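Enquirer: My questions will all concern the structure given below.
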Amino acid sequence: MIYMSRREGLKDFATRFRPFKKLTTRFVAGETIDETIRFIREINAEGCSASFDHLNESVTSAAEASEEVTEYLNILAKIDETGIRSNVSIKLTQFGLTLDSEIAYKNVRRVVEQAHRRGNFVRVDMEDSKVTQVTIELFKRLREEFGLNDVGIVLQSYLRRTYEDAQQLVKLPARIRICKGAYNEPPEVAFPDKKDVDKNYIRVMQVLLSSGIYHGIATHDPKMIEATINFAEREGIGKEAFEFQMLFGVRRDLQRQLARDGYNIRVYVPYGKHWYPYFMRRLAERPANIWFVMKNLLKG
Ligand SMILES: Cc1cc2nc3c(=O)[nH]c(=O)nc-3n(C[C@H](O)[C@H](O)[C@H](O)COP(=O)(O)OP(=O)(O)OC[C@H]3O[C@@H](n4cnc5c(N)ncnc54)[C@H](O)[C@@H]3O)c2cc1C
């Protein structure tokens, strides 16, 4: 699935094949900002906040990267206009990182500046390990200029370097989302064994919660959630001091339950025409999702 998520030919086929496209609504809110707002209103009504994510990892020109800035400025304006509870998540490759890191910096800076003016927040997602270092460096530059509540970053517990990165970044201070990691990484940089990924997740979660900064604990794994709740209770850390984050369409029951239990929940809501690689990564995470897709395709 991860391999297929990078194949251009398959992408062209899948994005044009109507029945397949219809199935994406399992994980993708729609193609436009307005369609996405409809879902975010429902999410808000269930007591959760959201994070907008415009899907587009395949930006190949400075002009396209600049269009992404316009899209995000529109999202931030729409959030204000409609009063929905949402921030935004971005990927640096979307803003031109693979073309030139300076272009990406200037583009993302425009979005963070706008978020700052509007009292909103930009989360810089973490992509594959080829860009981990440059993502952290670029984020640090943004943090020098903007506040703790303007911009945050993501760390992945499957990376061997992450525990150290977390310890360094909380000193900035920085708001961090910890997740397990969604890319196919070699054993030199990432733990191949899921048990080690989970162990590292818990270690990093403890560093984050102990820092007194508001962080995001992104997972659908009941074991990670339980470990977080237990650690917070043991250390006397209040429910308001952090948030759980989950993906649109994944474990909605758990999202609602945690919200009812008084935890802050944020749902990451992707949308846009370039849904293919994101959708394939979600299928890769859970074989049951592949059966769901196959069954529905066969049903027509
Ligand atoms: C809010 C948010 C933001 C993220 N941002 C990033 C990022 O910036 N960079 C990055 O590399 N990754 C990101 N991820 C993805 C993350 O790294 C994992 O790939 C993904 O969350 C699955 O890991 P898990 O913690 O849910 O645990 P897993 O061990 O993968 O899953 C635990 C359980 O959760 C459920 N589950 C998990 N995934 C699915 C699914 N697709 N469909 C149905 N059920 C599922 C199943 O019940 C499964 O048994 C993000 C995830 C979230 C929730």
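Enquirer: Ser86's amide H: which non-local residues (gap 5+, or another chain) put their own amide H closer than 5 Å, with H modeled 1.01 Å from N in plane and none for Pro or chain starts?
Expert: Ala50
Enquirer: Report the charge-dipole magnitude of the chain in Debye, nearest 20, computed about the Cα centre from +1 at each Lys and Arg Cβ and -1 at each Asp and Glu Cβ.
Expert: Dipole magnitude for the chain comes out near 860 debye.
Enquirer: Test of understanding: in a Gaussian network model of the chain with alpha carbons linked when under 10 Å, which of Val69, Val197, Val189 would top the mean-square fluctuation ranking?
Expert: Its mean-square fluctuation being the largest, the pick is Val189.
Enquirer: Just from its helices, what would the mean residue ellipticity at 222 nm be for the chain, if runs of 4 or more DSSP H residues each count -39500 (n - 2.57) and the sum is divided by every residue, rounded to the nearest 500 deg cm²/dmol?
Expert: Calculated mean residue ellipticity at 222 nm is -16500 deg cm²/dmol.
Enquirer: On to the next question. For the chain, which DSSP H helices look membrane-span-like by this rule: Cα extent along the axis of 15 Å or more and mean Kyte-Doolittle of at least -1.0?
Expert: Both cut-offs are met by 33-45, 62-82, 132-145, 194-210, 222-235, 287-299.
Enquirer: Okay, next question. Could you check what % of the DSSP bridge pairs in the range 99-253 are antiparallel, to the nearest 5?
Expert: About 5 percent, rounded to the nearest 5.
Enquirer: Sticking with this structure for a sec: Report the residue, chosen from Ala63, Ala259, Ala115, that carries the largest GNM mean-square fluctuation when the chain is represented by alpha-carbon nodes joined by springs under 10 Å.
Expert: Ala63
Enquirer: Rounded, prolate or oblate: which one fits the range 23-123, using the alpha carbon gyration tensor with axes a ≥ b ≥ c (rounded when a/c is under 1.5, else prolate when a/b beats b/c, else oblate)?
Expert: Here the range 23-123 falls in the oblate category.
Enquirer: Another question, then. Which of these, Met205, Met280, Met126, has the largest mean-square fluctuation under a Gaussian network model of the chain (Cα springs below 10 Å)?
Expert: Its mean-square fluctuation being the largest, the pick is Met280.
Enquirer: Among the listed pairs Lys91/Lys180; Lys130/Lys180; Lys140/Lys180; Lys195/Lys273; Lys171/Lys239, which have their C-alpha atoms separated by more than 26 angstrom in this model?
Expert: Lys195/Lys273
Enquirer: Another question, then. Given Ala284, Thr135, Val88, which one lies farthest toward the positive end of the charge dipole of the chain, if we put +1 on the Cβ of every Lys and Arg and -1 on the Cβ of every Asp and Glu?
Expert: Ala284
Readers should treat all values here as calculations from the given coordinates under stated rules, not as data from a laboratory. Worth saying up front: this structure is predicted, and the values here are computed from it rather than measured. Backbone-built Cβ (ideal geometry, glycine too); neighbour counts: all protein chains shown.
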